[in-house]
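What follows is a single structure, written as structure tokens, with notes after it.
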Amino acid sequence: MLATALSGSVLPLAACNSNPPAAEASADATGDATDVLIDAPAPLPSVDASAAASAGIAAGLDMGALTERRDPERVLRYYANALRVGDWVDAARAWSLDAQMTPEKLKGEFGGQTSPKIAVGKGDTEGAAGSLYYEAPIVVDFADGRPSKRGTIVLRRVNDVPGASEEQLNWRIERTSTLVQ
């Protein structure tokens, strides 16, 4: 279960004080449905992971998101697009070092014959003990018959405190919890 593999705690979806949005979908050139992040620019076209690697689509990822300090949603768009093209190494970079996320863990959870469809809803930012947290609802759908998952994703960054490292000042995924629908 993703909650066990990626997080030590489970955050109920009600904690974000909203129901997760339904994923909006559009059709790509092949007529297949592609995922769209809520309140986000259109993601990269849907392709399988091997085609993405050979076509260099992963090079189109917004690598600047990894140094983002103002917009946590930019990091979420980056992460969702990296997962979608099967770029497990770059997807793992969106996680905090403390989370100990690896490309292998992500591939085990999201890899398969088809790319996952990921929708992330609008979240809320809260401050606590020198840090900012951004919690948003997330829905993960798989076209290969695996059950959909729904839950929350939490990002964190240090709130400009003296002595914080560059890594700590940037938004990173801290944890996620999802349950099979």
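The values are calculated or read from the model by the stated rules, or taken from the named source; none is laboratory data. These numbers come from a predicted model, not from an experiment. All Cβ positions, even for glycine, are placed from backbone atoms using ideal geometry, and neighbour counts span all protein chains on display.
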Study note, to complete from the structure: Residues of the stretch 123-139 being in contact with a helix residue (DSSP H, G or I) (Cβ under 8 Å, 6 or more places away or on another chain) and more than 21 Å from GLY64 (Cβ to Cβ), in sequence order, are ASP124, GLU135, PRO137
Revision key, fill the gap. When every residue in the stretch 165-181 that is modelled with pLDDT under 95 and in a loop (DSSP other than H, G, I, E, B) is compared, the one surrounded by the most Cβ atoms within 10 Å (Cβ to Cβ) is GLN181
Practice item. Quick one: which residue in ALA80, ALA136 is within 12 Å of the chain's Cα centre (by Cα), of a type in the set (Gly, Ala, Ser) and closer than 19 Å to GLY60 by Cβ? Key: ALA80
Point to revise | Scan of the stretch 82-107 for residues that are among the charged types (D, E, K, R), surrounded by fewer than 24 Cβ atoms within 10 Å (Cβ to Cβ) and touching a residue at least 40 places away in the same chain (Cβ under 8 Å), ordered by number | key: ASP98, LYS105
Check your understanding: Any residue in the stretch 148-162 that is surrounded by fewer than 20 Cβ atoms within 10 Å (Cβ to Cβ), free of Cβ contacts under 8 Å to residues at least 12 places away in the same chain and part of a helix (DSSP H, G or I)?
Key -> no
Review point. Conditions: (1) more than 15 Å from the chain's Cα centre (by Cα); (2) of a type outside the set (Asp, Glu); (3) loosely packed, with under 14 Cβ neighbours inside 10 Å; (4) farther than 17 Å from GLU135 by Cα. ARG70 meets all but one. Number of the miss?
Key: (4)
Revision key, fill the gap. Checked the stretch 108-143 for anything touching a Lys or Arg at 6+ places or on another chain (Cβ under 9 Å), closer than 14 Å to TRP171 by Cβ and surrounded by 21 or more Cβ atoms within 10 Å (Cβ to Cβ); matches are VAL120, TYR134, ALA136
